[in-house]
Amino acid sequence: MEKKEFLYEGKAKKIYKTEDPNLLIAEYKDSATAFDAIKKATIEGKGVLNNTIASFFFELLNKNSVPTHFVKKLSDREMLIKKVKIIPVEVVVRNLAAGSIVKRLGIKKETLFNPPLIEFFLKNDELHDPLICESHIYALNLATKEDIKIMKELALKVNEILKDFMKKQGIILVDFKLEFGKTDDGQIILADEISPDTCRFWDEKTKESLDKDRFRFDLGDLIEGYKKVLERIQGEDDNAKS
């Protein structure tokens, strides 16, 4: 699939057209950002790791009947994806308390949420992606009740698949952010990416962060953490093949 016209650039990816109007190419960058891009850096090799990890997770979800925009991995930094219209609502699933919710609600870190907690955030950089409720979503015409029902069901299904899979690798899936989009025929599918940029992963034994918190809070070398995630999931894949 040939890369054509450049469409737009986000914090972590560049998007290009292809000869097929329904397919795009996502190119993963080496950029790292935190705190609304107040903290930023270029970290060599990050894009390759995120593309590889995201491709693995999308393939895992596709095999488990979760509809995603992922078609195939094209190169170290590129994946072929379906064109969708992004729903401007970020869905966060929390299994344990960490990050912003600890500060917002005064919850003790590592508090277990059973069932998992779902939160919604408005996808708007200028407003700093504020927390919103379902009533806000409907009032702002961001999505319908049926859309949100589907998104919540898919988010919880993704959580169960990834949580169980990562537990086998000795990694705790603490929380993660998802974005969804609609295809031309109106189907809601998982979009964006699933990687250590969008998930909190902790080592089950040591509680070491293996995600972007390493960059946010200077907890260690980011590439080292991402490599640990990749090595463990690839090791599981290799075992499955042998």
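The values are calculated or read from the model by the stated rules, or taken from the named source; none is laboratory data. Because the structure is predicted, anything quoted here is derived from the model rather than measured. A quick note on method: Cβ atoms are made from the backbone with ideal geometry, for glycine too, and the neighbour counts reach across all protein chains shown.
Out of all the residues in the range 87-95, is one or more surrounded by fewer than 17 Cβ atoms within 10 Å (Cβ to Cβ) and β-branched (Val, Ile, Thr)? Within the range 87-95 (the criterion being surrounded by fewer than 17 Cβ atoms within 10 Å (Cβ to Cβ) and β-branched (Val, Ile, Thr)), the answer is no, since none of the residues qualifies. Considering the range 8-50, the qualifying strands (runs of 3 or more DSSP E), each wholly inside and each with 2 or more residues that are in contact (Cβ under 8 Å) with a residue 60 or more places away in the chain, assigned by TED's automatic domain parsing to the domain that holds VAL71 and more than 23 Å from LYS83 (Cα to Cα), run over 31-34, 39-42.
For ALA98, the stated conditions do not hold, so it cannot be described as at pLDDT below 95 and among the aliphatic types (A, V, I, L, M).
Would you be able to say whether some residue in the range 71-83 is in a helix (DSSP H, G or I), touching a residue at least 24 places away in the same chain (Cβ under 8 Å) and touching a helix residue (DSSP H, G or I) at 6+ places or on another chain (Cβ under 7 Å)? Scanning the range 71-83, I find no residue that is in a helix (DSSP H, G or I), touching a residue at least 24 places away in the same chain (Cβ under 8 Å) and touching a helix residue (DSSP H, G or I) at 6+ places or on another chain (Cβ under 7 Å), so the answer is no. Considering (1) farther than 22 Å from ALA155 by Cβ; (2) charged (D, E, K, R); (3) part of a strand (DSSP E or B), the lone condition that GLU90 does not fulfil carries the number (1). I'd like the residue in the range 146-202 that is touching a residue at least 24 places away in the same chain (Cβ under 8 Å), assigned to a helix (DSSP H, G or I) and farther than 20 Å from PHE121 by Cα and, out of all such residues, is farthest from the chain's Cα centre (by Cα). The extreme case among them is LYS168.
Given the condition in a helix (DSSP H, G or I) and surrounded by 13 or more Cβ atoms within 10 Å (Cβ to Cβ), answer yes or no: does some residue in the range 110-132 qualify?
Initial filter on the range 110-132 (in a helix (DSSP H, G or I)): 125-127.
Of the ones still in play, those that are also surrounded by 13 or more Cβ atoms within 10 Å (Cβ to Cβ) are none.
So far as the range 110-132 goes, no, none of its residues is in a helix (DSSP H, G or I) and surrounded by 13 or more Cβ atoms within 10 Å (Cβ to Cβ).
What is the residue count in the range 203-222 for residues that are in a strand (DSSP E or B) and farther than 26 Å from ALA37 by Cα? Looking only at that region, the number is 1.
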